[in-house]
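Visitor: Here's a structure for you.
The values are calculated or read from the model by the stated rules, or taken from the named source; none is laboratory data. Everything quoted here is computed from the prediction, not taken from an experiment. Here the Cβ positions follow ideal geometry from the backbone for every residue, glycine too, while neighbour counts run over all protein chains shown. Heavy atoms of the whole protein, side chains included, go into the accessibility calculation; ligands, DNA and RNA do not. Shrake-Rupley method; radii C 1.70, N 1.55, O 1.52, S 1.80 Å.
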Amino acid sequence: MLNGKKYGWIAPVLVSLGVLISGCGNNNKQAESNGNVQAKAIEGISNVAWKYEDFQSPPLDATVTEKYVYVGNNEKLYAIDEASGKKIWEHEASGIPSRPAVNSGIISFLDNTGAHALDAESGKLLWEHLYKKEVPRDMRPAEVAISSDYLFIPEQLEDGRITLKALDIKTGKESWSFGDSVSLVLSPYVADDKLYISYEGGVHILNTKSGKELDVIDHEVLISSVVTDNKLLVVSDLGGGVTAYDLKSKKSKWSYTNDSYDIKNRPQLTMFGNKVLLTEVKSGIVEMLDAENGKQLWSKTLGDPVFWTLYGGTITKPIVAEDDAIYLAVFDGQDNQRKGHAGYSTLLALDAETGNELWRYQEDDLIFYSPNLIENGMIVLTQTGIKAYQAGKNAQVAAQKETDATVNQPSSNSNTELVDLKTFEGQWSTPGSDELAINISITDDKNGVITYYSEGTENPVPFEFKQSNYDQLMLLLGNEERPLVLTYYESGKLGYKTNEQGYTLERSGVSQSNFGEAESSLIDGFKGKWCDSLQALCFEIKLEGNSGGKLDYYQERDPFQEPFRITYMDEYKIEINIDASKQATLELSDDKNTLTYETDSITENMSRQ
């Protein structure tokens, strides 16, 4: 079993990694297949068959079956007829739903309240499994994992343990559970009748029907992506390394490294035939390895890295056709009016054997998710809706330069007159409503805090930023590094744009100073000197605003300080990144006189001095 002490890092650390970790779930077309491998290849795109754009907010990643496109957006799930593009039904969700999964005529998804199962034809609710308290999107998997019989979800219990539950796909009843400190945000990987669960020291392999542990593959570094063909298990870890294990001997068969891969730039894995495809969406690196020996067959870099801060990547995740063609979308074309923005997306088809480009198609809208192959066509999710393409010879003539094996350089910025950073600070909200109400505080030339206000509660989120051009800030929110772009307009309004939402905000009447005082006082209870019962570990917490501070080990023979950055905060708990190398959680008791200090290796109860 996974236990709290040995694997106690999982809950705080994996939650903070958020969207950076992916590739452990299932794919678009069906739950039982391995990797993003779909239908037969198409020779190109001849025309748009239909489009559906009746969304109040941008659509998210879709699941496509032979009859329907199932897609969610902000607080709704839709079924769209694949042949005609007509809406069949819609279903309300609490918060942004996960990408749904479909099996045996049942569609299942997660939202803030729990797991839900609907009739795939009618959208009628069949059953739901509700959490004890609501779980926001960033604290749960982005997609659900299913087998032919079960839906697998992580759930935090009342005593703090996090377990993986197997729910009967037809009834929602819990069949079995595993572990007490599994990841909240990573879906397990399902292949045939086996379930692969990543943890700090490797991978647990379970039987999907019984939950019985069949085997354990040891790996020294935290794993972020898993794929298997039931003979070979290939993992990508936080260091950016890729390792293949023989499942029979459990020994490493080969390993592969690329200097461009690191903790923030880790490849996602797709396995098909005798090949392993590595895709790193931020840098645009696409590589093919021989699954037998790990040797590189080809490598190329696609897209312009200037776009990753705004869009979370330079390319989308790929899909692979049954006959070995690779499809993905690239953010492309500098927007002439908004610097740092892509003007359009380009769909690329690559030969899996050589990496050579087979064809390209310019989509005037932006594509954020993997394309989906259907019979004699392709479906993509754009910023404004869903498009279905008819397969055929390309109607477009490629006008762009060959991008294979090259990296475009970021465009230069001719604007030199930057808007004062203080212009972005203060309270902003949606005009005439409280749909979105925030306060922005810049703490230094790289960091700040954005506080979200909702129904009397405050949720401060630290961010890193860069001023990309004279009127715009590009933010990376929290440890998840969720991209957000703020644009200051001459009218005095503020543009707020994420991958899922877009708002135009106006200033509110509350003064900046009052909000600064509120944010600082929120975590003032952590200030001061703290020691354990033996006085062996003592430090003083020195806060510097609400973005970070120092741990001052004042009682050591040679006193020293460790700088830290706050990645999460509320009145009784902060999570910090110490010296950019170590994670720690500090939690106060109700009376704020006892502090629990927890890292990967220790947990200490400390008293105020």
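Visitor: With θ set to phi - 60°, apply the Karplus curve 6.51 cos²θ - 1.76 cosθ + 1.60 along segment 84-92 and write out the HN-Hα couplings as whole Hz, x wherever there is a Gly or Pro.
Guide: Per-residue couplings from phi come out as 10, x, 7, 6, 8, 7, 9, 9, 5 Hz.
Visitor: Turning to a different aspect of this structure: List the residues, sorted by chain then number, that are 5 or more residues from Gly548 or on another chain and whose placed amide H is less than 5 Å from its amide H.
Guide: Hits under the 5 Å cutoff: Ile566.
Visitor: Let me spell out the model: positive unit charges on the Cβ of Lys and Arg, negative unit charges on the Cβ of Asp and Glu, origin at the Cα centre of segment 183-306. What dipole size does that give, in debye rounded to 20? Please list the in-between numbers first.
Guide: Details: 14 positive and 17 negative charges, 47 e Å.
Its charge dipole is roughly 220 debye.
Visitor: With an 8 Å Cα cut-off and a minimum separation of 6 or more residues, compute the relative contact order for segment 76-141 in percent.
Guide: On the way: 119 pairs, mean separation 15.6, N = 66.
Once normalised by length, the contact order is 24 percent.
Visitor: Work out the FRET efficiency for Val48 and Lys170 from their Cβ-Cβ distance, taking R0 = 41 Å, and round it to the nearest 0.05.
Guide: Working: r = 38 Å, r/R0 = 0.93.
Efficiency, rounded to the nearest 0.05: 0.60.
Visitor: If I take every Cα pair under 8 Å that is 6 or more residues apart in segment 208-325, average their sequence separation and divide by the length, what percent do I get for the relative contact order?
Guide: Contact order relative to length: 15 percent.
Visitor: As an exercise, use a Förster radius of 35 Å and the Cβ-Cβ distance of Asp218 and Thr430 to find the FRET efficiency, rounded to the nearest 0.05.
Guide: Values: r = 51 Å, r/R0 = 1.45.
Between Asp218 and Thr430 the formula returns 0.10.
Visitor: For Ile602 and Leu125, compute 0.36 nm times the residue count separating them, minus their Cα-Cα distance, and round to one decimal in nm.
Guide: On the way: separation 477, 0.36 × 477 = 171.72 nm, distance 4.52 nm.
The Ile602-Leu125 span can extend by a further 167.2 nm.
Visitor: What is segment 173-272's relative contact order, in percent, from Cα pairs under 8 angstrom and six or more apart in sequence? Walk me through the numbers before you get to the answer.
Guide: Working: 189 pairs, mean separation 17.1, N = 100.
In percent, rounded to a whole number, it is 17.
Visitor: Around Leu151, under 12 Å between beta carbons, what's the net of Lys plus Arg minus Asp minus Glu among the other residues?
Guide: Values: positive: Lys165, Lys170, Lys173; negative: Glu128, Glu143, Asp149, Glu155, Asp168, Glu174.
Cβ neighbours under 12 Å give a net charge of -3.
Visitor: Now, a different point. Going 7 Å from the Cα of Asp323 toward and past its Cβ, which residues in segment 343-385 have a backbone nitrogen under 16 Å from where you end up?
Guide: Counting backbone N atoms under 16 Å from the label point, the list is 349-354, 358-359, 373-378.
Visitor: Further question: Accessible area of Lys170, 1.4 Å probe, to the nearest 10 Å²?
Guide: Counting only protein heavy atoms, Lys170 exposes about 140 Å² to solvent.
Visitor: Per 0.36 nm of contour for each residue apart, how much would the distance between Gln383 and Asn356 grow if the chain were fully extended, relative to their Cα-Cα spacing? Let's see the in-between values first.
Guide: Working: separation 27, 0.36 × 27 = 9.72 nm, distance 2.82 nm.
Gain on stretching Gln383 to Asn356: 6.9 nm.
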